[in-house]
Amino acid sequence: FLQYVNSKFYDNTIIHRIVTTGIFVAQGGWLSPTPSVQPGQKPAIALEVNKGLSNLKGTIAMARRGGDGNSIGSQFFIVYKDTKLPAEDGIGGYSVIGRITSGLNELKAAVIDQGVQVGSSDGKPNVETIIGSFTLQ
């Protein structure tokens, strides 16, 4: 993940999904505005279960397909409100990679609070959100 950040892989990507019911996450890491396939590059990120940590507001963790701990690609999610993420098929967690240190309230007000397209509770945000740059400290 650090190699992706350092190579600016995430710069100018989008937040393509928000979930506002059940779990409370914003998801990004796609290279195009219309996510239909996983990007060709796949980071060497192994599932490192962090039980409970991925449920806390401000957490950044690697996204994966439900029940498949080997499906971690380039996508990540941001927990914007304390939530209970599902522990599917005995996997029990997600790979936590960091925490938001500033800007979470602004993300929530500008994007999440504006809702999901077509009035859904899980999908593309009403407000297009481009990640200009991504840094880790």
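Computed quantities for the displayed model
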read-out: For PHE76, residues with placed amide H under 5 Å, excluding near neighbours; value: GLY28, GLY29, ALA63
read-out: Where labels lie 7 Å past Cα in the beta-carbon direction, separation of ALA109 and ILE130 in nm; value: 2.3
read-out: Accessible area (Å², 1.4 Å probe, nearest 10) - ASP122; value: 70
read-out: Potential extension, THR101-VAL5 segment - 0.36 nm per residue separation minus Cα distance; value: 32.9 nm
read-out: With all protein chains modelled, accessible area of LEU2 [1.4 Å, Å²]; value: 100
read-out: DSSP-loop GluC sites (Glu not before Pro) across the range 53-137, with at most 12 other Cβ within 10 angstrom; value: GLU128
read-out: Simple Cβ-charge dipole of the range 64-137, Lys/Arg +1 and Asp/Glu -1, about Cα centre, in debye nearest 20; value: 100
read-out: Mean separation of Cα contacts under 8 Å, 6 or more apart, over the residue count of the range 73-137: relative contact order %; value: 18
read-out: Pairwise label distance in nanometres, GLN117 with LEU56, each label 7 Å out on the Cα-Cβ vector; value: 3.5
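The values are calculated or read from the model by the stated rules, or taken from the named source; none is laboratory data. All values reported here derive from a predicted model rather than from experimental measurement. Counting neighbours? That spans all protein chains shown, and the Cβs are built from the backbone with ideal geometry, glycine included. All accessible areas refer to the heavy atoms of the entire protein, side chains included, with ligands and DNA or RNA removed. Shrake-Rupley method; radii C 1.70, N 1.55, O 1.52, S 1.80 Å.
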